[in-house]
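Participant: Have a look at this one.
The values are calculated or read from the model by the stated rules, or taken from the named source; none is laboratory data. Keep in mind it's a predicted model, so treat the numbers as computed, not measured. When we count neighbours, we look across all protein chains shown, and the Cβ atoms used for this are built from the backbone with ideal geometry, even at glycine.
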Amino acid sequence: MLPDFLKESFSFQRSRPLHVYLVLSWIFTGAQGGLYYYLPRVAGKKIAWPTGAWMHFYLQLVISVLIMAQLFMGKFGGREYLEFPPIYGVLVLLSWVPLVINFFATLKPRYQEAPVYIWSWSTGLLFFYITYAESYLWLIDYFNGNIVRDTTVQWKALGSMVGSWNMLIYGTAMYIMEKISGNQKPNRSALAFSFYFLGMANLMFNWGHHTYIVPAAPWVKTISYFISMTELFILGNIIWQWKKTIQKAQLHYHLLSYRLLSYADFWIFLNLILAIIISVPAANYYTHGTHITVAHAMGTTMGINTMLLLASIFYIAKIGESSPHKRSEKWAGVLLLIFNIALLFFWIALLGAGFQKISNRANQVVFAEMMNQSAPYFKLFTISGVFIFGALLGVLIIAIRSLAKTKKQISAS
Amino acid sequence: MLKIYVFSTLFAAYSFYTVLIYLTGTKETAPTNISFDSKAQEGKKIYQQYNCASCHQLYGLGGYLGPELTTDYSNPERGPLLMRAFLENGGQRMPNFHFSKEQIDCIMSYLRYVDATAVSYKNPYRNGY
């Protein structure tokens, strides 16, 4: 679709890593920003090292600009997700240090009585460091010189890294839920901790369902399969709590942040079903390497992570709690509905392209023809993508304006 | 206290599992006559430098704009001649990267090595899956 003069300078080889980096940045930065806001409120005191927080902000900003410049110039590390040169990986790790210091110095968590969201945030930070460092093991010959080990490192580290940022975001969602409902009990209950530990086990072990066709030892796959199937408990709980969830959603529907949490619930439900299906080896054999895997990734990053991060932003902006935001709230509600409907079509288009590829593979259709036959799904994908972009842009403008208004109100009072 | 025990147990299991995977779970699968020699190593470097993963997958890692390359080398429908032609001239969607003959040889050696390791890829059910 690009004009010829842009094809070289903005080729897919450059635009894809840029897209991936910006998506990851949105997720990380959104989660970090939320933490900086919630930490002093949970601790009931000022943040321990405000200068460190600003250092983190500027450092991350500079590193991101540098990474984008490297990608534009065609300097790559060539690894999935972390496609920038490895030296920037070290800088990213360093930039997180002030957040970790602020987290522990401000909260001084006493884990025995801490609510589940503090466990979730702590686990997210710990595993971000472990998995990010692990993803660079390929720089060592022992890993780089064996494709099976190298591929396993990537799937293992990246799979668990997704789990680590989910822990950060889910922790935030649980905190917001507590604040909206005013009920502290659920986040201290045995059930909440059971699901937290189940989530942690999945973070650590379930990445392996991506490696069924990698020639690693069979026991790696067996363990991953059994752990992946524990997600059935989570799915079962969602279905069990369905009526209650709907009733709660109706009760708090007027709060935009709660509505966003409800949208995320819907996407968790859909993506969990998809995750369980693609974790079954016989199904994975067909779905692996098709757009069905992409649908799972997009459903998770946009349907779940983005909804939860927007819920966090709107909670901070206090939309729905004061009259100056009423009009914005109405518009944001409409745009979010458009976003979710478009996302559903986007998701279905990816599933369609995935099934098309499975069918074409079975019939041994050549790759170019495979792409041609998938064109209708790609068209639907593009059209729904345009709606997603427009709606999300509108939502973000409203969110930023509301944040500015809220800041003014706080300063005035 | 129970929560701390559960966390510690899970974390210890994860650490042990990680070591076990990297020591015994991911042994080399390529036949002894095909090794990750200096040419294949150079090919891997080029593959990463040019970010081939943005369009092509190896073992499912990478983009979807181009075909998966894991077993392309031994695929009778594609094979080394077609792959070499794409590397030399580009294609409808693939840019011409103006690779030198040496670079193309290295990339081909790397993809030959990857293909040789892909035992379970060619017949996943033989591996129990």
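Participant: When A:Lys45 is evaluated against the numbered criteria (1) away from every other protein chain (no Cβ under 14 Å); (2) closer than 29 Å to B:Gln48 by Cα; (3) not in a helix (DSSP H, G or I), which criterion, by number, is the only one it fails?
Facilitator: (2)
Participant: Here are A:Thr131, A:Thr172: which of them is of a type in the set (S, T, N, Q) and surrounded by 23 or more Cβ atoms within 10 Å (Cβ to Cβ)?
Facilitator: On inspection, the qualifying residue turns out to be A:Thr172.
Participant: Does the stretch A:110-132 include one or more residues that are over 23 Å from the mean Cα position of the chain (by Cα), of a type in the set (Phe, Trp, Tyr), at negative phi and assigned to a loop (DSSP other than H, G, I, E, B)?
Facilitator: Yes, the stretch A:110-132 contains at least one residue that is over 23 Å from the mean Cα position of the chain (by Cα), of a type in the set (Phe, Trp, Tyr), at negative phi and assigned to a loop (DSSP other than H, G, I, E, B).
Participant: Right, another one. Identify the single condition in (1) away from chain B (no Cβ under 11 Å); (2) touching a Gly at 6+ places or on another chain (Cβ under 9 Å) that A:Ser189 does not satisfy, given that it satisfies every other one.
Facilitator: Status for A:Ser189: all satisfied but (2).
Participant: Could you please find all residues in the stretch B:9-44 being free of Cβ contacts under 8 Å to residues at least 60 places away in the same chain and among the basic types (Lys, Arg)?
Facilitator: B:Lys27 - this is the single residue of the stretch B:9-44 that is free of Cβ contacts under 8 Å to residues at least 60 places away in the same chain and among the basic types (Lys, Arg).
Participant: Here are the criteria: (1) within 14 Å of chain B (Cβ to nearest Cβ); (2) among the small types (Gly, Ala, Ser); (3) out of contact with any helix residue (DSSP H, G or I) (no Cβ under 8 Å at 6 or more places or on another chain). Tell me which single one A:Gly89 does not satisfy.
Facilitator: Status for A:Gly89: all satisfied but (3).
Participant: Right, another one. Enumerate the pairs (first residue in the stretch A:399-413 and within 15 Å of A:Lys326 (Cα to Cα); second residue anywhere and part of a helix (DSSP H, G or I) and modelled with pLDDT of 85 or more) with beta-carbon separation below 6 Å, excluding pairs fewer than 6 apart on the same chain, so at least 6 apart or on different chains.
Facilitator: Filtered contacts from the stretch A:399-413: A:Ala399/A:Ile313.
Participant: If only one of A:Ala375, A:Ala362 is closer than 30 Å to A:Thr287 by Cα and modelled with pLDDT of 90 or more, which one is it?
Facilitator: So the residue among A:Ala375, A:Ala362 that is closer than 30 Å to A:Thr287 by Cα and modelled with pLDDT of 90 or more is A:Ala375.
Participant: While we're looking at this one, here's another question. So A:Glu80 passes all but one of these: (1) surrounded by fewer than 20 Cβ atoms within 10 Å (Cβ to Cβ); (2) touching a Leu at 6+ places or on another chain (Cβ under 6 Å). Which condition number does it fail?
Facilitator: For A:Glu80, the failing item is (1).
Participant: Among the residues of the stretch B:1-49 satisfying the criterion of being facing chain A (nearest Cβ under 7 Å) and touching a Gly at 6+ places or on another chain (Cβ under 8 Å), which is surrounded by the most Cβ atoms within 10 Å (Cβ to Cβ)?
Facilitator: Across the stretch B:1-49, the extreme among qualifying residues is B:Phe36.
The rows are residues; the columns are (1) over 20 Å from B:Gln41 (Cα atoms); (2) within 12 Å of chain A (Cβ to nearest Cβ); (3) out of contact with any strand residue (DSSP E or B) (no Cβ under 7 Å at 6 or more places or on another chain); (4) surrounded by fewer than 18 Cβ atoms within 10 Å (Cβ to Cβ).
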{"position": "B:Leu58", "(1), (2), (3), (4)": "no, yes, yes, no"}
{"position": "B:Gly62", "(1), (2), (3), (4)": "no, yes, yes, no"}
{"position": "B:Gly66", "(1), (2), (3), (4)": "yes, yes, yes, no"}
{"position": "B:Thr70", "(1), (2), (3), (4)": "no, yes, no, no"}
{"position": "B:Ser74", "(1), (2), (3), (4)": "no, no, yes, yes"}
{"position": "B:Arg78", "(1), (2), (3), (4)": "yes, yes, yes, yes"}
{"position": "B:Arg84", "(1), (2), (3), (4)": "no, no, yes, yes"}
{"position": "B:Gly90", "(1), (2), (3), (4)": "yes, yes, yes, yes"}
{"position": "B:Arg93", "(1), (2), (3), (4)": "yes, yes, yes, yes"}
